Amino acid sequence: MGKYSQVANLIKEKGNVIAFTGAGISVESGIPAFRGAQGLWEKYDPEEYAHINSFVSEPAKIWCMLREMIKLTFDAHPSPAHLALGALEKAGFLKAVITQNVDGLHQEAGNTNIIEYHGNMRNLVCLKCRKKIPLKQEVLTAMPYPTCDRCNKAMKPDGVFFGEQIPISAIEAAHEAVENCKIIMIIGTSGVVYPAAEVPFQAASRGAAVVEINVNPTPFTSAVTQYFLEGSASQVLPRIIDELGLKLSDAQP
Ligand code: NAD
Ligand code: ZN
């Protein structure tokens, strides 16, 4: 039996799948990942540009990168991989998506229980008074950056930057999802960003079967992965859906 049918059978037998996703699942939606840097990240080193200290000291510089990233995100559509996860939820197999992504594409693919470990780009937040406002296309014209109307300080997208805390609600929700799952699918993540990367290890230590989908092996592969499906998430996930007799078009609400 091929690996794809093995994984499909596993899903049918055990159900209760969670997905743990990273930037790789959105590459085919046109949003480049940090590692294997392309496009945007050849120009802007993420370790510098996505660090909170850089934002605080040089908001105008960081907003040059943010405008480009926000534009990419506004223009992006769910990839076949996102849609496959939508279909997997509709069929009752997938119980939660724990994502490190901030692009909102899992929502667009019809998933409903999405744990955003690194926040999202739907809002802007003031670091001083914590006021939040929706992040709309108009902010792209605010020069040199959008400011808080109470404090006049630079506003920051509500995604978690390096050096910032993970939202406690996301940690708790991820913990609960891991406790209950029978299978974890690790998709398109390099596994080097902590504490997020602890999630698959926690699931494995609780006895979950581990399926991993990536174009390259990662630190998870030799440590916890039982089924490594090498390839692009947008090719691999639709094949699994097909083995299960589901369709990508099942995803949309
Ligand atoms: P990463 O950039 O560190 O690693 C990307 C991983 O995806 C690599 O392992 C790579 O081999 C794999 N990959 C690349 N193309 C793929 C494809 N088509 N199919 C399957 N796998 C593919 O990403 P990360 O592990 O998520 O960590 C980076 C951090 O950057 C995250 O915290 C995330 O918040 C943030 N980020 C988010 C976005 C987004 O929201 N779309 C984009 C860039 C970075
Ligand atoms: Zn403020």
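The values are calculated or read from the model by the stated rules, or taken from the named source; none is laboratory data. Source: prediction; values computed, not measured. Positions of Cβ are generated from backbone atoms using ideal geometry, with glycine treated the same way; all protein chains shown enter the neighbour counts. Keep in mind that these areas ignore ligands, DNA and RNA; they rest on the heavy atoms of the full protein, side chains included. Shrake-Rupley method; radii C 1.70, N 1.55, O 1.52, S 1.80 Å.
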Please work out which residue is farthest from PHE55 (Cα to Cα), limiting yourself to the stretch 160-191 and to residues that are aliphatic (A, V, I, L, M) and either open to solvent by 10 Å² or more (accessible area, probe 1.4 Å) or at pLDDT below 95 (or both). ALA177
If we keep just the residues of the stretch 116-158 that are within 15 Å of ligand 1 (Cβ to nearest atom) and touching a residue at least 40 places away in the same chain (Cβ under 8 Å), which is surrounded by the most Cβ atoms within 10 Å (Cβ to Cβ)? GLU116
Scan the stretch 210-233 residue by residue and report those that are surrounded by fewer than 14 Cβ atoms within 10 Å (Cβ to Cβ) and part of a strand (DSSP E or B). GLU230
Can you name the condition, by its number, that PHE55 falls short on among (1) open to solvent by less than 70 Å² (accessible area, probe 1.4 Å); (2) out of contact with any Gly (no Cβ under 6 Å at 6 or more places or on another chain); (3) more than 16 Å from ligand 2 (Cβ to nearest atom); (4) outside the structural domain of ASP103 (by TED's automatic domain parsing)? (3)
GLY207: passes all of (1) free of Cβ contacts under 8 Å to residues at least 60 places away in the same chain; (2) open to solvent by 30 Å² or more (accessible area, probe 1.4 Å); (3) under 30 Å from VAL56 (Cα atoms); (4) not charged (D, E, K, R) but (3)
Residue count for the stretch 136-157, restricted to those that are within 16 Å of ligand 2 (Cβ to nearest atom), at pLDDT below 95 and within 29 Å of HIS82 (Cβ to Cβ): 1
Taking the stated definitions as given, is VAL102 within 22 Å of LYS156 (Cα to Cα) and open to solvent by 10 Å² or more (accessible area, probe 1.4 Å)? yes
On the basis of being of a type in the set (Asp, Glu) and assigned to a loop (DSSP other than H, G, I, E, B), does ASP149 make the cut? yes
Scanning the stretch 184-209 for residues that are within 18 Å of the chain's Cα centre (by Cα) and in a strand (DSSP E or B), which turns out farthest from ligand 1 (Cβ to nearest atom)? ILE184
ASP103 acidic (Asp, Glu) and not assigned by TED's automatic domain parsing to the domain that holds LYS153: yes
Of the residues that make up the stretch 33-41, is at least one part of a helix (DSSP H, G or I) and not assigned by TED's automatic domain parsing to the domain that holds HIS175? yes
Restricted to the stretch 95-135 and to residues being outside any loop (DSSP other than H, G, I, E, B) and within 16 Å of ligand 2 (Cβ to nearest atom), the residue farthest from ILE11 (Cα to Cα) is CYS126
Return the residues of the stretch 166-197 that are without any contact (Cβ under 8 Å) to a residue 24 or more places away in the chain and closer than 24 Å to ILE31 by Cβ; say none if nothing qualifies. TYR194, ALA197
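Matching residues to (1) in a helix (DSSP H, G or I); (2) among the aromatic types (Phe, Trp, Tyr); (3) open to solvent by less than 20 Å² (accessible area, probe 1.4 Å):
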position	(1), (2), (3)
ILE18	no, no, yes
VAL27	yes, no, no
GLU48	yes, no, no
LEU66	yes, no, yes
ILE70	yes, no, yes
LEU85	yes, no, yes
